Amino acid sequence: MMITAPDIITPEQKAQFAELGYCVVAGLFTEPEIQEIEDFFEEFQRSGAAVYDGNIKNLEEIDMTKQQVRAMQPHRYSSKVVEWFLNARVAAVLEELLGKPALGAQTMYYFKPPGAKGQGMHQDNFYLLSKPATCIAAWTAIDTADLDNGCMYVVPGSHRGNILCPEEGGEKWMSYGDTHITKFPREQKPVPVPVKRGETLFFGGNLIHGSGPNRTKDRSRRTFIGHYIDEASDQVARFYQPLLNMRGEVVGDVQIPEGGGPCGDGWQGAVH
């Protein structure tokens with residue numbers, strides 16, 4: 001049976017995405033699929049197969065109060081992750097929101113155990129440098145995410161603005177802290193976006209967002225995330241190549257940016 005976007009995303013959700021830069025869609029993954037993802041990544045971290053920030057291979061080496069606890073690009077290590085990355089229901093929503101079929105650029109899995117730090121306010125396309133259209137994220141909650149365990153915060157409507165750059169060479173250039181954006185627009189207030197287990201938060205690459213720390217003692221905030229660009233994109237940073245189309249085929253005709261991006265000639269994107 002062919003999956004179409006009207007079956008899974010409402011006109012109200014599409015309107016919210018257009019107006020505010022984000023929306024939450026339920027039912028893209030079944031509960032057995034969510035459980036399968038959870039079980040896979042619990043084994044993934046124990047097996048030593050996971051690659052964390054900074055190419056760290058050992059989870060015990062990560063100081064979770066200072067560094068994100070997340071597996072990077074796990075779809076490059078497992079065909080099962082590719083299946084979730086290219087989920088047909090997610091693909092249908094992406095095509096509806098992007099206006100074109102999507103290409104897969106990145107996967108991440110956040111473990112965010114109790115006591116783990118939050119993520120400073122940032123914009124995804126600062127890293128991906130997708131052009132001419134911005135990227136889009138699909139953020140699927142494996143655990144219900146709320147204020148206590150570190151849910152997402154977004155600045156509604158900020159997706160209409162430009163990329164706001166950190167001070168080059170400064171402490172915030174690649175260090176999140178509270179925000180890595182220089183001269184953060186204080187008149188724009190972040191709001192929390194609680195998401196239930198199995199729901200997927202979609203948001204655009206220019207949307208300012210971050211997350212709070214996990215203040216609980218016994219609850220993780222695990223999340224499976226895909227970043228995507230549309231098939232008409234001219235470029236994306238080299239860290240996200242090779243790209244996959246939603247049929248799982250490698251796409252090799254999207255260029256690596258040269259000559260700088262919105263944050264200067266020395267900036268050619270980075271791992272998000």
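The values are calculated or read from the model by the stated rules, or taken from the named source; none is laboratory data. What you see is a predicted model, and the numbers here were worked out from it, not measured in a lab. All Cβ positions, glycine included, derive from the backbone under ideal geometry; neighbour counts span all protein chains shown. For accessibility, only protein heavy atoms count, side chains too; no ligands or nucleic acids. Shrake-Rupley method; radii C 1.70, N 1.55, O 1.52, S 1.80 Å.
For region 238-272, a residue qualifies if it is open to solvent by less than 30 Å² (accessible area, probe 1.4 Å), within 26 Å of Arg89 (Cα to Cα) and either in a loop (DSSP other than H, G, I, E, B) or among the hydrophobic types (A, V, I, L, M, F, W, C) (or both), and the qualifying residues are Leu243, Leu244, Val251, Val254, His272.
Taking region 125-164, which residues are part of a strand (DSSP E or B) and in contact with a Cys (Cβ under 9 Å, 6 or more places away or on another chain)? Correct list: Ala141, Ala145.
When region 96-121 is filtered for residues that are under 17 Å from the mean Cα position of the chain (by Cα) and surrounded by fewer than 19 Cβ atoms within 10 Å (Cβ to Cβ), only Gly120 remains. The C-beta contact set for region 100-123 (first residue within 15 Å of Asp148 (Cα to Cα), second residue of a type in the set (Val, Ile, Thr) and modelled with pLDDT of 90 or more, distance under 8 angstrom, 6+ apart or interchain) comprises Lys112/Thr223; Pro114/Thr216. Residues in region 87-101: is at least one in a loop (DSSP other than H, G, I, E, B), at pLDDT below 90 and not hydrophobic (A, V, I, L, M, F, W, C)? No: region 87-101 contains no residue that is in a loop (DSSP other than H, G, I, E, B), at pLDDT below 90 and not hydrophobic (A, V, I, L, M, F, W, C).
Under 19 Å from Val90 (Cα atoms), assigned to a loop (DSSP other than H, G, I, E, B) and either in contact with a Lys or Arg (Cβ under 7 Å, 6 or more places away or on another chain) or open to solvent by less than 50 Å² (accessible area, probe 1.4 Å) (or both): is that true of Gly226 in this structure?
It is false that Gly226 is under 19 Å from Val90 (Cα atoms), assigned to a loop (DSSP other than H, G, I, E, B) and either in contact with a Lys or Arg (Cβ under 7 Å, 6 or more places away or on another chain) or open to solvent by less than 50 Å² (accessible area, probe 1.4 Å) (or both).
Does Val81 qualify as being modelled with pLDDT under 95, under 23 Å from Ala116 (Cβ atoms), out of contact with any Leu (no Cβ under 9 Å at 6 or more places or on another chain) and among the hydrophobic types (A, V, I, L, M, F, W, C)? When the stated conditions are applied, Val81 does not pass them. Does Ala232 qualify as being farther than 25 Å from Met152 by Cα and of a type in the set (Gly, Ala, Ser)? Yes: the conditions hold for Ala232.
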